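**Student:** Structure in structure tokens, see below.
Please treat every number below as a calculation from the coordinates, not as lab data. Since the structure is predicted, the reported quantities are computational estimates derived from the model, not experimental observations. When we count neighbours, we look across all protein chains shown, and the Cβ atoms used for this are built from the backbone with ideal geometry, even at glycine.
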Amino acid sequence: MENPTETTDETANNGKKRHGCVTAWLIFMIIGNSLAALIYLFDGDFINKSLPRPISTTTLILLTIIGIANVMFAILLLRWNKSGFWGFVMSAIAALIVNLRVGLGIGQCLLGLAGIGILYAVLQIKQDDISAWDNLE
């Protein structure tokens, strides 16, 4: 007799599938945002060396929080939750504001918004003629 607490991947995902490139991109986002959050938290001097003017500890903590939030948003997307995408949109806007306040050029600041376009494009990759975006709830 089958154990009712055990579920297969297909049952857990309601038969949803995503292309391997989508999964790889989301994992890359988890790793990249985790590393960024750690650098903001523990190596603010490294960040300050690459900026036109030093930023405050409060700003570094805010950027750390954004990085941690992005990890959570990527996990939401892995769990087929569309709110993860909208979370990335909100964090990109927050990061844009922070980056403008610390004196980065508009070009560098807008580059962060390009990440949203890339994420949306990746979510359009189809597996079995259905995009990951269409499978999000």
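**Student:** Reachable lysines from Lys17, Cα under 21 Å, same-chain residues fewer than 8 places away excluded?
**Tutor:** Lys17 reaches Lys82, Lys126.
**Student:** Met90 to Lys126: FRET efficiency via 1/(1 + (r/R0)^6), r the Cβ-Cβ distance, R0 30 Å, to the nearest 0.05? Provide the component values of the computation, followed by the final result.
**Tutor:** Numbers: r = 27 Å, r/R0 = 0.89.
The formula returns an efficiency of 0.65 here.
**Student:** Relative contact order (percent) for the chain, with alpha-carbon contacts under 8 angstrom and 6 or more residues of separation? Show your work: numbers first, answer last.
**Tutor:** On the way: 135 pairs, mean separation 39.6, N = 137.
Contact order relative to length: 29 percent.
**Student:** Turning to a different aspect of this structure: Could you calculate the contour length gain from Arg101 to Ala24, that is, 0.36 nm times the residue separation minus the distance between their Cα atoms, to one decimal place in nm?
**Tutor:** My answer for the length gained is 24.5 nm.
**Student:** Between the range 12-58 and the range 75-106, what is the separation of their alpha carbon centroids in Å?
**Tutor:** The range 12-58 and the range 75-106 have Cα centres spaced 11 Å from each other.
**Student:** Can you tell me the convex hull volume per residue for the range 18-135, based on C-alpha atoms, in Å³ to the nearest whole number?
**Tutor:** 88 Å³
**Student:** Tell me the label-point distance for the pair Phe42, Thr57, using the 7 Å Cα-to-Cβ offset, in nm and rounded to one decimal.
**Tutor:** 1.8 nm
**Student:** While we're on this one: May I ask for the angle, rounded to the nearest 10°, between helix 20-42 and the longest principal axis of the chain, with both axes built from Cα atoms and the value confined to 0 to 90°?
**Tutor:** That helix lies at roughly 30 degrees to the long axis.
**Student:** Which residue fluctuates most in the GNM of the chain (Cα springs below 10 Å): Gly87, Gly20, Gly32?
**Tutor:** Gly20
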